[in-house]
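Here the structure comes first, spelled out in structure tokens, and everything after it is commentary.
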Amino acid sequence: MSKLDEELDAFISKAEKAHDLINLLQSEDSSVVQNTQKEIDHILKNDWEEDEYETRDGFSKSQISKSTENVGLGDTPQFHGDQEGFMRAVQEDADRRAANRKKREEKSKIRKEKGNAAFAKGEYREAIDEYDIAINLTGWNVNLYTNKAQALIKLGDYDKAIAACDEALYIEDNFTKGYIQKSNALLAKQCYDDAVACLQTCLESCKGCVFFHVRCSI
């Protein structure tokens, strides 16, 4: 799972948590309201992002925080908006993020294809430029980094190729192609021990990968 996917999952989890907490705050049981308020205070202090934001329905982190201050036993906190509006705002934000991601992926795919075409023609510098644009659009796509690394190897820029592979492996530490391209760059630099160590790390991180075992048998 990419880091962006992890962030999206975390956002969805927080949205679901917020929905549950709001329901609990409507409870007629004062002890439930009190315990829920304590949990909200903990989240606001430790878990939520510090950045201020405001939704289309007028909800913001600070407003939610202020609306739950000094809530007495049996009292119902007054939000700037209703529960339905709050959840609608959360859903709208999630939909907007998904739509933006789709647009970025479509643009990135076009750039990647242009890069692949340039690479096939031997125009490696142009290919790298296209891959860089694609990376700026969808930095979570690890294949873009190894495509760039392959073009850099063709140009003899082995250190930058290794750096590109390291970026891919930072995003996905069991990405077999990242290890393969990195080992190719190390071999080109005549860093044979490092190349072997890289492949050994791949063997440990990518157990069961057919591609890796086939590659190592050649």
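General observations
- Single residue of region 98-154 satisfying the filter (surrounded by fewer than 17 Cβ atoms within 10 Å (Cβ to Cβ) and among the polar types (S, T, N, Q)) that is farthest from the chain's Cα centre (by Cα): 116
- Residue within region 199-207 that is assigned to a loop (DSSP other than H, G, I, E, B), at pLDDT below 95 and open to solvent by 40 Å² or more (accessible area, probe 1.4 Å) present: yes
- A single member of 93, 75 is at pLDDT below 95, among the acidic types (Asp, Glu), farther than 19 Å from residue 180 by Cα and assigned to a loop (DSSP other than H, G, I, E, B), and it is 75.
- Residue count for region 156-181 satisfying the condition of being among the basic types (Lys, Arg) and buried (at least 22 other Cβ atoms within 10 Å of the Cβ): 1.
Yes/no per residue for (1) in contact with a helix residue (DSSP H, G or I) (Cβ under 6 Å, 6 or more places away or on another chain); (2) closer than 16 Å to residue 185 by Cβ; (3) modelled with pLDDT under 95; (4) part of a helix (DSSP H, G or I):
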| residue | (1), (2), (3), (4) |
| --- | --- |
| 117 | no, no, no, yes |
| 126 | yes, no, no, yes |
| 130 | yes, no, no, yes |
| 136 | no, no, yes, yes |
| 146 | yes, yes, no, yes |
| 149 | yes, yes, no, yes |
| 152 | yes, yes, no, yes |
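- Scanning region 128-143 for residues that are among the hydrophobic types (A, V, I, L, M, F, W, C), in contact with a Ser or Thr (Cβ under 7 Å, 6 or more places away or on another chain) and within 19 Å of residue 173 (Cβ to Cβ) turns up just one, 140.
- Cβ separations smaller than 7 Å between residues 6+ apart or across chains give the following pairs from region 164-176 residues that are at negative phi to residues that are of a type outside the set (Phe, Trp, Tyr) and outside any helix (DSSP H, G or I): 171/2; 172/2; 174/206; 176/206; 176/209.
- Filter pass, residue 173 being modelled with pLDDT under 95 and under 26 Å from residue 113 (Cα atoms): yes
The values are calculated or read from the model by the stated rules, or taken from the named source; none is laboratory data. Predicted model, so just to flag it, every value in this text is computed and none were measured. FYI the Cβ positions are ideal-geometry reconstructions off the backbone, even for glycines, and counts take in every protein chain you see. Quick note on the areas: whole protein, heavy atoms, side chains included, nothing else; ligands and nucleic acids left out. Shrake-Rupley method; radii C 1.70, N 1.55, O 1.52, S 1.80 Å.
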